[in-house]
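Student: Here you go, one structure.
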Amino acid sequence: MPKMVRFHEVGGPEGLRIEEGPLKQPGKGEVRLKVQAVGLNRAELMFMRDQYVEHPRLPGGLGCEAAGVVEALGPDVDKSWIGKRVSTIPSFSGAAIWMQYLTAYGALIAIAHVTKGDFVVITAASSSVGIAAIEIAKTEGAISIATTRKSNKKAELLSLGANHVIATEEENIVARVKEVTGGAGARVTFDPVGGPFLEKLAAGAAVGGIIFEYGLLSMQPTPFPLMSALPKGLCIRGYGLMEITRNPEKLPVAKKYVYERLADGRFRLKIAKVFPFAQTVEAYKYMESNAQVGKVVITVP
């Protein structure tokens, strides 16, 4: 029987259970995928704790990204799909490229139209989304200012393409951003942290700048930075991946953008660590530790 990862009460990774379930047959227009790998994302840690924008229905399942081979077809599906290797577009209702690249693409390219010479602040930059944003900024000729809490990740972030790295627990982020930008500030800020940190990001933003808030990692109230927003005319915008994945016009363009850059080497997937399926709990605990730089992946036998 197929195996699945579920949780029966909200909480941390220790509450995850590997269980068996019935083999489902694909419906009209559907395929069944034999999963070979799963990419983990921080949103799942929040989802299992009921701290995410989407709420779990217990017993809850996990999984935003998967890759594998099509093994069964529903009615009206082209038979040539059998045996094809595919990867899924992220969704909780249900391996390692779509969440980060589409999230970063939607904000930086589809909305902000980042271009050559733009200064782009990328917070929580050691995450897979942060690294994707660094790569996108580099591809477009923008100047990335990556942030991480401590300096132990600085060298690796620079090696991954960041132009500048700020350790926010050791340096004054506002002063450093102003120094890097020659006092102008950053036109684009890409932030999954929120909370009081937003005030510092707003202070380091340029006149007419845009700040994307795409997460709530701080789990603290996020005050509106009025004293920076008013004189600078800042746009502080909530943003989510579904703006791209649920838009039938934007999604094909986004996928083409990512595929082309993976194919020619401008994007290079950074895998932090790979765990076997039996160590799913350990994989999520590792991601929660914030020790990784890049993507955490689970392989499925």
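The values are calculated or read from the model by the stated rules, or taken from the named source; none is laboratory data. What you see is a predicted model, and the numbers here were worked out from it, not measured in a lab. Every residue, glycine as well, gets a Cβ built from its backbone with ideal geometry; the counts of neighbours run over all protein chains shown.
Student: Tell me, which residue of region 43-54 that is of a type outside the set (D, E, K, R) and part of a helix (DSSP H, G or I) is nearest to residue 15 (Cα to Cα)?
Tutor: Within region 43-54, the first condition is being of a type outside the set (D, E, K, R), and the residues that meet it are 43, 45-48, 51-53.
Keeping just the survivors that are part of a helix (DSSP H, G or I) gives 43, 45-48.
On the way: 43: 16, 45: 11, 46: 13, 47: 13, 48: 9 Å.
It comes out as 48.
Student: Restricting the first residue to region 113-127 and requiring it to be over 17 Å from residue 295 (Cα atoms), which pairs with a second residue that is part of a loop (DSSP other than H, G, I, E, B) and of a type in the set (D, E, K, R) meet a Cβ separation below 6 Å and a spacing of at least six or different chains?
Tutor: Once the first residue is over 17 Å from residue 295 (Cα atoms) and sits in region 113-127, its partners that are part of a loop (DSSP other than H, G, I, E, B) and of a type in the set (D, E, K, R) give 114/140; 115/140.
Student: In region 55-71, which residues are under 19 Å from the mean Cα position of the chain (by Cα), surrounded by 14 or more Cβ atoms within 10 Å (Cβ to Cβ) and assigned to a loop (DSSP other than H, G, I, E, B)?
Tutor: 62, 63, 64
Student: Hey, does region 192-199 have a residue that's under 21 Å from the mean Cα position of the chain (by Cα) and part of a helix (DSSP H, G or I)?
Tutor: Checking region 192-199: at least one residue is under 21 Å from the mean Cα position of the chain (by Cα) and part of a helix (DSSP H, G or I).
Student: Just the residues that are assigned to a helix (DSSP H, G or I) and either over 16 Å from the mean Cα position of the chain (by Cα) or surrounded by fewer than 13 Cβ atoms within 10 Å (Cβ to Cβ) (or both), please, taken from region 252-272. Give the derivation first.
Tutor: Of the residues in region 252-272, the ones assigned to a helix (DSSP H, G or I) are 252-263.
Within region 252-272, 252, 253, 256, 257, 259, 260, 261, 262, 263 meet the criteria.
Student: Consider only pairs whose beta carbons are under 7 Å apart and that are at least six residues apart or on different chains; among these, list those whose first residue lies in region 175-198 and is assigned by TED's automatic domain parsing to the domain that holds residue 228 and farther than 20 Å from residue 213 by Cβ and whose second residue is of a type in the set (Val, Ile, Thr) and at pLDDT 95 or above.
Tutor: Short answer, once both residue conditions are applied: 176/166; 180/145.
Student: Give me the residue from region 127-161 that is part of a loop (DSSP other than H, G, I, E, B) and among the small types (Gly, Ala, Ser) and, out of that set, surrounded by the most Cβ atoms within 10 Å (Cβ to Cβ).
Tutor: 127
Student: Can you confirm whether region 34-52 contains a residue that is over 21 Å from the mean Cα position of the chain (by Cα) and either surrounded by 14 or more Cβ atoms within 10 Å (Cβ to Cβ) or closer than 17 Å to residue 3 by Cα (or both)?
Tutor: yes
Student: Of all residues in region 1-33, count the ones that are surrounded by fewer than 20 Cβ atoms within 10 Å (Cβ to Cβ), under 26 Å from the mean Cα position of the chain (by Cα) and in a strand (DSSP E or B).
Tutor: 7
Student: Further question: Outside the structural domain of residue 151 (by TED's automatic domain parsing), in a loop (DSSP other than H, G, I, E, B), modelled with pLDDT of 90 or more and out of contact with any helix residue (DSSP H, G or I) (no Cβ under 6 Å at 6 or more places or on another chain): does that describe residue 247?
Tutor: Answer is yes for this residue.
Student: Among (1) farther than 24 Å from residue 115 by Cα; (2) at pLDDT below 95, where does residue 172 come up short?
Tutor: (2)
Student: Checking residue 219 against (1) in the same structural domain as residue 201 (by TED's automatic domain parsing); (2) among the aliphatic types (A, V, I, L, M); (3) loosely packed, with under 14 Cβ neighbours inside 10 Å; (4) assigned to a helix (DSSP H, G or I), which test does it fail?
Tutor: Tallying (1) in the same structural domain as residue 201 (by TED's automatic domain parsing); (2) among the aliphatic types (A, V, I, L, M); (3) loosely packed, with under 14 Cβ neighbours inside 10 Å; (4) assigned to a helix (DSSP H, G or I), residue 219 fails exactly one: (4).
Student: Looking at this structure, is residue 189 closer than 27 Å to residue 47 by Cα and within 17 Å of the chain's Cα centre (by Cα)?
Tutor: In short, yes.
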